[in-house]
Each structure stands twice: as C-alpha cells, then as structure tokens.
Amino acid sequence: MKLKIPPPLIALTFGLLMWGVSIISDVASVESVLIFPLSMLLLIIGLAINVLAAMTFRAASTTMNPMKPNTATQLVNTGVYKLSRNPMYLGTLFVLSAWAIWLGNPFNVAVLLFFIAYITTFQIIPEEKALEVLFPVEFGSYKARVRRWI
C-alpha cells in the first residue's frame, strides 16, 4: 500500500470534520468550566509527545517522513518510543482530543474513533510492514514489547 496523504493533512481534515460536526449538531453542545483547562492540558501533552518523538528521531539521524518509512536507516525504540510504537500519532490524537473537548460536542468522540481506525489502517499498518522488511528481527522484538498506541 502506497502512503499518499501526509498525516498532518489527515489530522487537519479530521479537525475540520470535528468543527463541522459541532456546527451541524450544536444542540448537543456541552458547556463546563472544565473545558478550557482540560483541553489545554491535552493540547500540551499532545504537543510535548510530538516534540519528544521528533527529537528522538533527530537524535537517531533517521527519516521522520511518514510517507517513506522504507527509507528508515534505524529502528527508533528509545525515549517515548519505549511507551508507544507510534507516539507522533498518539500526540496527534491528544491534540484532536483537546480540540474535541474545546468544541464541546460529544459526537466528536465518534470522529476521534474514526481517526484512530483510519490512521491505523492507512498509515500505521503500512509503516509497520515497511519496518518488518527493513528490521525483521529488531522490529518483531520491539512489536512484542511495545504496544501500537499506548
């Protein structure tokens, strides 16, 4: 399977979808004094995970390009990659969760679940197949130790 859509564009698309859901189904809007602090907390956690993941890739001097996982020169399994095989997607999920809470529409939980299914099927699984070819023994061991999301 060829990876054709950059993950940041996928995340933006899902963010816009969530905004659209909130506009269409405004009657389901939830309001609470916790919306701001909770959404900011999730946003900070998501951005921190993404920054740490990017720094780990940079330190390993390997590609961060999710469109070309077959160009990886090293299997990254340190730092936040000890906790999740896909911390960048996990960080993005936290950011989208922050957005969902900020919008205050409970129907956006369905959009978050769709994001998880989409990114797993069309991004993570093809990346894993490429890594299995490049690092058959290392990736198999890593896959057995570390979960896909958390």
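Criterion applied to Ile10, Ile5 was being part of a helix (DSSP H, G or I) and aliphatic (A, V, I, L, M), and the one residue passing it is Ile10.
Residues in segment 32-62 that are open to solvent by 30 Å² or more (accessible area, probe 1.4 Å), over 17 Å from the mean Cα position of the chain (by Cα) and not β-branched (Val, Ile, Thr): Ser32, Leu34, Phe36, Pro37, Leu38, Met40, Arg58, Ala59, Ser61.
Would it be correct to say that Asn105 is crowded, with 17+ Cβ neighbours inside 10 Å, outside any helix (DSSP H, G or I) and modelled with pLDDT under 95? Considered against the rule, which asks whether it is crowded, with 17+ Cβ neighbours inside 10 Å, outside any helix (DSSP H, G or I) and modelled with pLDDT under 95, Asn105 comes out as yes. Only residues that are out of contact with any helix residue (DSSP H, G or I) (no Cβ under 9 Å at 6 or more places or on another chain) and not in a loop (DSSP other than H, G, I, E, B) were counted across segment 24-43, and they come to 4. Of all residues in segment 114-127, one or more are within 24 Å of Ile35 (Cα to Cα) and open to solvent by 20 Å² or more (accessible area, probe 1.4 Å).
Those residues that are surrounded by 15 or more Cβ atoms within 10 Å (Cβ to Cβ) and in contact with a Phe, Trp or Tyr (Cβ under 7 Å, 6 or more places away or on another chain), I need them from segment 131-145; list them, please. Residue satisfying the conditions is Leu131 alone. Ala110 - would you say it is under 30 Å from Phe36 (Cα atoms), open to solvent by 50 Å² or more (accessible area, probe 1.4 Å) and among the small types (Gly, Ala, Ser)? The answer is yes for Ala110. The single condition from (1) exposed (fewer than 12 other Cβ atoms within 10 Å of the Cβ); (2) in contact (Cβ under 8 Å) with a residue 60 or more places away in the chain that Val21 fails is (1). Inside segment 66-89, residues that are outside any helix (DSSP H, G or I) and open to solvent by 60 Å² or more (accessible area, probe 1.4 Å) make up a count of 5. Checked against the criterion of being touching a residue at least 60 places away in the same chain (Cβ under 8 Å) and β-branched (Val, Ile, Thr), segment 57-72 contains not a single residue that satisfies it.
The values are calculated or read from the model by the stated rules, or taken from the named source; none is laboratory data. No experiment lies behind these values; they were computed from the predicted model shown. Neighbour counts are summed over all protein chains in view; Cβ atoms, including those assigned to glycine, are modelled from backbone coordinates with ideal geometry. Just so you know, the surface numbers come from the protein's heavy atoms only, side chains and all, with ligands and any DNA or RNA stripped out. Shrake-Rupley method; radii C 1.70, N 1.55, O 1.52, S 1.80 Å.
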